[in-house]
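The values are calculated or read from the model by the stated rules, or taken from the named source; none is laboratory data. Quick caveat: nothing in here was measured; it's all calculated off a predicted structure. Every residue, glycine among them, receives a Cβ derived from its backbone with ideal geometry; neighbour counts consider all protein chains shown.
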């Protein structure tokens, strides 16, 4: 599986030259170990992979007893793994580093020594029990690995150049044309169904069987449930409640997360830790309400108003349509042929959230549910800042539309009210590129290019 993070790691290696360690953070089963080991094999004369999920005490003891004698430390490592170490041309990988926090703390001394390069991989990196009693090293360069994006999915299917055409049409704001747009939308619907978890994509590429694909997705969901029980100790019940309720919350008209559906008179402070856990595990993408579309959306963030999307849309479908424990082939066919009317909006919106996050955006939306003033009552799905900031007109509102027929009353009211703050308004829909009345209409698969 070809992943974009490979080029990021290559740039890190060339520019840093051992001055920092790379930390690759991501959800379980997102492909961290695979891509880092692939990078090690191709870019270094030798490498050692220390998997803290199954390493024995002989290795962990090295971090306890020999950090003040690194010559002996490396001698033991080289002998134990039967790997010759080459100065400035060996990579040492700390896999699942969160399971042995002392190794992460050791990065400070290993980087200062300068002989070798280091990459750490892990999940749940900020959970208290994984960072208690250690000083987090400042010598880490962080990289987030997300599920495969649409372009990586196309690469896996052998479509190496299709995104280049999409990018060209986006930059020129020109339509792809009926035949090509239909072809790309077919691939995009496959991406919605399969999702971006590498093991699932690999199964789809080999088998082209949605039943087998769904079984692999369901195994990953089971693994996430096991992680919740194992690692969210003290509030695992609340984490499970939120996790199980995500599809129902997204099926609501406004998609805002309603705590009262979990427990009567529930308060945010009771569920904050549970939401943080799911966010830190990168199982969900949280989108916060912003009270005004001003530069610095975080400054206007309302932490009590949020939407909770799943990190992978393919997993959401298996999570939501779980009749008889497996998604019916019929449901997949309905999505594939654009015949599923129920819940298609939540699937499309979740996919846009996923693509925006993978492109580096923080997620914000705008909502004003005013009962007194109809002109102020509006909701905008997403807000992002333009790439080059100016004195005004910096925020782009984004509306996501899943059907052929829709209205834009909220977007038009929003433009009228905040004309000085807004840059280009976008509508992401199932149609081709077009521009009308100052609004840019883009096909959903162009969301990563915003």
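Answer yes or no as to whether residue 275 is within 20 Å of the chain's Cα centre (by Cα) and modelled with pLDDT of 95 or more. In short, no.
Would you mind stating whether residue 51 is in contact with a strand residue (DSSP E or B) (Cβ under 7 Å, 6 or more places away or on another chain) and surrounded by 16 or more Cβ atoms within 10 Å (Cβ to Cβ)? No. Would a scan of the range 382-401 turn up a residue that is free of Cβ contacts under 8 Å to residues at least 60 places away in the same chain, farther than 16 Å from residue 290 by Cβ and crowded, with 19+ Cβ neighbours inside 10 Å? Looking through the range 382-401, at least one residue is free of Cβ contacts under 8 Å to residues at least 60 places away in the same chain, farther than 16 Å from residue 290 by Cβ and crowded, with 19+ Cβ neighbours inside 10 Å. Scanning the range 180-192 for residues being more than 14 Å from residue 150 (Cβ to Cβ) and surrounded by 15 or more Cβ atoms within 10 Å (Cβ to Cβ) gives a total of 2. Residue 249 fulfils the conditions (1) in contact with a strand residue (DSSP E or B) (Cβ under 9 Å, 6 or more places away or on another chain); (2) without any contact (Cβ under 8 Å) to a residue 60 or more places away in the chain; (3) outside any helix (DSSP H, G or I) except for a single criterion, (3). Among residues of the range 174-188 that are in the same structural domain as residue 434 (by TED's automatic domain parsing), none has a beta-carbon under 6 Å from a residue that is exposed (fewer than 15 other Cβ atoms within 10 Å of the Cβ) and part of a helix (DSSP H, G or I) at least six positions away or on a different chain. Of the listed requirements (1) surrounded by fewer than 23 Cβ atoms within 10 Å (Cβ to Cβ); (2) within 23 Å of residue 445 (Cα to Cα); (3) touching a helix residue (DSSP H, G or I) at 6+ places or on another chain (Cβ under 7 Å); (4) touching a residue at least 40 places away in the same chain (Cβ under 8 Å), residue 344 misses just one: (3).
Within the range 63-72, the set of residues being assigned to a helix (DSSP H, G or I), farther than 18 Å from residue 119 by Cβ and under 36 Å from the mean Cα position of the chain (by Cα) comprises just one member, 64. Taking the range 163-172 as the range and being surrounded by 20 or more Cβ atoms within 10 Å (Cβ to Cβ) and either without any contact (Cβ under 8 Å) to a residue 60 or more places away in the chain or within 14 Å of the chain's Cα centre (by Cα) (or both) as the test, only 163 passes.
Condition check for residue 159 on (1) surrounded by 17 or more Cβ atoms within 10 Å (Cβ to Cβ); (2) over 30 Å from residue 107 (Cβ atoms): one failure, at (1). The condition of being out of contact with any helix residue (DSSP H, G or I) (no Cβ under 9 Å at 6 or more places or on another chain), at pLDDT below 95 and at negative phi holds for only one of 214, 209, 227, that being 227. Of all residues in the range 89-110, those satisfying the criterion of being in contact with a helix residue (DSSP H, G or I) (Cβ under 7 Å, 6 or more places away or on another chain) and farther than 17 Å from residue 142 by Cα are 100, 102. None of 271, 309, 288 is in the same structural domain as residue 414 (by TED's automatic domain parsing), in contact with a helix residue (DSSP H, G or I) (Cβ under 6 Å, 6 or more places away or on another chain) and not in a helix (DSSP H, G or I) except 309. When residue 55 is tested against the conditions (1) within 20 Å of residue 22 (Cα to Cα); (2) assigned to a loop (DSSP other than H, G, I, E, B), the lone failure is (1). When the range 13-48 is filtered for residues that are surrounded by fewer than 20 Cβ atoms within 10 Å (Cβ to Cβ), touching a strand residue (DSSP E or B) at 6+ places or on another chain (Cβ under 9 Å) and assigned to a helix (DSSP H, G or I), the ones remaining, listed by number, are 13, 16, 33, 37, 41, 43. Any residue in the range 211-228 that is surrounded by fewer than 15 Cβ atoms within 10 Å (Cβ to Cβ), without any contact (Cβ under 8 Å) to a residue 12 or more places away in the chain and closer than 20 Å to residue 156 by Cα? Looking for residues that are surrounded by fewer than 15 Cβ atoms within 10 Å (Cβ to Cβ), without any contact (Cβ under 8 Å) to a residue 12 or more places away in the chain and closer than 20 Å to residue 156 by Cα, one finds at least one in the range 211-228, hence yes.
Quick check on the range 162-179. Is at least one of its residues within 22 Å of residue 350 (Cβ to Cβ), touching a strand residue (DSSP E or B) at 6+ places or on another chain (Cβ under 9 Å) and part of a helix (DSSP H, G or I)? For the range 162-179, residues within 22 Å of residue 350 (Cβ to Cβ), touching a strand residue (DSSP E or B) at 6+ places or on another chain (Cβ under 9 Å) and part of a helix (DSSP H, G or I): present. Here residue 414 meets each of (1) assigned to a loop (DSSP other than H, G, I, E, B); (2) in contact (Cβ under 8 Å) with a residue 40 or more places away in the chain; (3) surrounded by 13 or more Cβ atoms within 10 Å (Cβ to Cβ) with one exception, condition (1). Being at positive phi and surrounded by fewer than 22 Cβ atoms within 10 Å (Cβ to Cβ) holds for only one residue in 195, 177, and it is 177.
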